[in-house]
Structures are given as C-alpha cells and as structure tokens.
Amino acid sequence: MGFEGEKREEEEGVRMANDFFWSYTDEPHASRRRQILSQYPQIKYLFGPDPFAFLKISGVVLLQLWTATFLHDATWLKILIVAYFFGSFLNHNLFLAIHELSHNLAFSTPTYNRWLGIFANLPIGVPMSVTFQKYHLEHHRFQGVDGIDMDIPSQTEAHVVKNVLAKSIWVILQLFFYAFRPLFLKPKPPGVWEFINFTIQLSLDGAMVYFWGWKSLAYLILSTFVGGGMHPMAGHFISEHYVFKPEQETYSYYGPLNLMTWSVGYHNEHHDFPRIPGSKLYKVKEIAPEYYENLDAYKSWSQVIYMYIMDRTVGPFSRMKRKLSTKANKSE
C-alpha cells in the first residue's frame, strides 16, 4: 500500500499525528472480494437476507419498550443504572440492526427493510434509520475518500482532540459526533422517507410521555447515549477503521459481543462482502481463512477504547484517507 502519514510533531519524545494517513491505492476490500470469489465461488451462497432478522429485531424492540414503561416511576439513579447495564445493550443492538437493514439484509425488497428500520428505530428515541443508510452506503462505496466518507472525523475534531482528557470526552460523546458530523460537513436534503421516520418516531416519543411520563422516554434516550459512549459495545466505532498499524485500515473483532451486535466485529469480512448477513460472516473466515488470519484483529472492544485514549500517538487523525478514484467502488 502506498501511504503517507509521516507528518508528526515531537512532544516530550512522543510522536503526535498532525495529519491523517493518506493512501494512494484503492481501498482493499474490492480487490480482496474478487480474489476470494475467484478461489471460493461458494461464498456467493451466503448472500441474501437473514430469515430471522424480523423476529430478532421485534423481540428487542418490544423488550426495550416494555422496560421503559416499567421504569415510569423509578428513581433517576435506578433509571441510569438500568440504562447503562441493560438498556444500552438493547439499543446498541438495534442501532446495529439498522446497520444490517441498511444493506437490505432482512428482506429482499428494500422498502420492507426501510419499514423494519423505522420500527427498530423506535426505542432509540431519535429518528436516524433512514438518514443513516444514505451515509453508510457511501462509507462502503467510498471508504476513506476525502469529503465523502463521513465516518472519518473532521479536521476540527482531529485538531482539538489531542490528549487523554479530550479523547475521553470525545469517546463519551462519539455518538453525537457520529450523528451530526455528516449533517454539518455533507448535508443531504431530506426526502419522504426521512419525514416518515421523523413522524413515526416523534409519535412514539409523544405517546411514551403521554401515557407513561418523561422518565420512560428519558430511559430510552439514556440507553442510546450511554451505549454509544464509554461502553464496551461502542468500542466497535473505534476498532473498525482507526489505524493502529499503518499497513491496515480495517480491523475485525473476534469476541463474545459479536453475539449481541449482529457480528459487526467481523468487519473486514463485512466490508469484503456487505451482501452477507452478520449471522453468516463467520463462515467467510472459515471458508477463506488465509485471507484473514494474517490481519491484525481484536478480542476486546473495551481494550480498544483504553488503547485509543491512553496511546498518545493515536487519535482522530488515525484514519486512512484517499482522494476520489476514477474507479467507483461498487461494493453495494
């Protein structure tokens, strides 16, 4: 890989990044996909929707909404504790279900996936499923492309978040950066589906407040917020593409939390084959192990968060960027 990321400042003997890593090659997944399919064409049989996605999503949505109503008269301390140790796992699961649905991996018909995404969005408390799909598919097609891939931190974030304290605050608030970054840097005009998502979500929020009170809605919002911050589940935001080794720009996680996160930890496998549902991604590694066993991977998302905060050479600049290639990546 041709890359350039050597602009560093010496500060008390520590080399601090002051620019992103820049690659002068295409992202690695399209070429690896072609190589694997040429050698293992049977992988194509893994393509297609997860037949149990609807049931899994419905169960989590109903459980989280019931929990919110159950806590309608709980103390704020109890709400916070339940939100962090229980609700956060459910809402992050639903966030990653929406990620799965953005690739149309519950139904063959895209419209059905959108409706299910809006349904999965309900306990999250804020409308995001339709908008997420727009930006996320660009992240796949244009991974690392400057000005297009909104998964990459902004220059402002990277210049401000430079020390342990700033990185800790950034991790706690990373869900806000993740959500609002594209709206400021690359806004897209809302369409009919965003209006539907917005209307249904606010209707649910209003009904929750009307029938069960503000504490029930607060529980849902808190579950989303804490689950996307300093939380084991949120480690995937950092582990997926933050560069700890300049030769590699996507990293997988092979740990137990994959059971609760639609196997999003199999992230190299996911970017190589975004048409394979999370429930089958482990089979890609089983079929073609030689393509993944030599890649760095993680076993703990909590450790990734700790490394990101404490390693003074790592921060928002630790991402691979590239200029737009004349060859568009057709991975989705």
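Some values worked out for this structure:
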read-out	value
Residue in region 155-177 that is among the small types (Gly, Ala, Ser) and touching a Phe, Trp or Tyr at 6+ places or on another chain (Cβ under 6 Å) present	yes
Filtered residues of region 217-258 (kept if open to solvent by less than 20 Å² (accessible area, probe 1.4 Å) and of a type in the set (Ser, Thr, Tyr))	Tyr219, Ser223, Ser239, Tyr242, Thr250, Tyr251, Ser252, Tyr253
Selection within region 104-123 - touching a residue at least 12 places away in the same chain (Cβ under 8 Å), open to solvent by 10 Å² or more (accessible area, probe 1.4 Å) and either among the hydroxyl-bearing types (Ser, Thr, Tyr) or within 21 Å of Ala234 (Cβ to Cβ) (or both)	Ser108, Leu122
Filter result (over 20 Å from Tyr282 (Cα atoms) and free of Cβ contacts under 8 Å to residues at least 60 places away in the same chain) within region 32-57	Leu55
Checking Phe95 against (1) touching a residue at least 24 places away in the same chain (Cβ under 8 Å); (2) surrounded by fewer than 21 Cβ atoms within 10 Å (Cβ to Cβ); (3) of a type in the set (Phe, Trp, Tyr), the condition it does not meet	(2)
Criterion violated by Met150 - all others in (1) assigned to a helix (DSSP H, G or I); (2) closer than 28 Å to Glu249 by Cα satisfied	(1)
Meets criteria (outside any helix (DSSP H, G or I) and open to solvent by less than 30 Å² (accessible area, probe 1.4 Å)) for Val304	no
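The values are calculated or read from the model by the stated rules, or taken from the named source; none is laboratory data. These figures come from a predicted structure and were not determined experimentally. Here Cβ is always computed from backbone atoms with ideal geometry, including for glycine, and neighbour counts include all displayed protein chains. Surface accessibility is based on the protein's heavy atoms, side chains included, excluding ligands, DNA and RNA. Shrake-Rupley method; radii C 1.70, N 1.55, O 1.52, S 1.80 Å.
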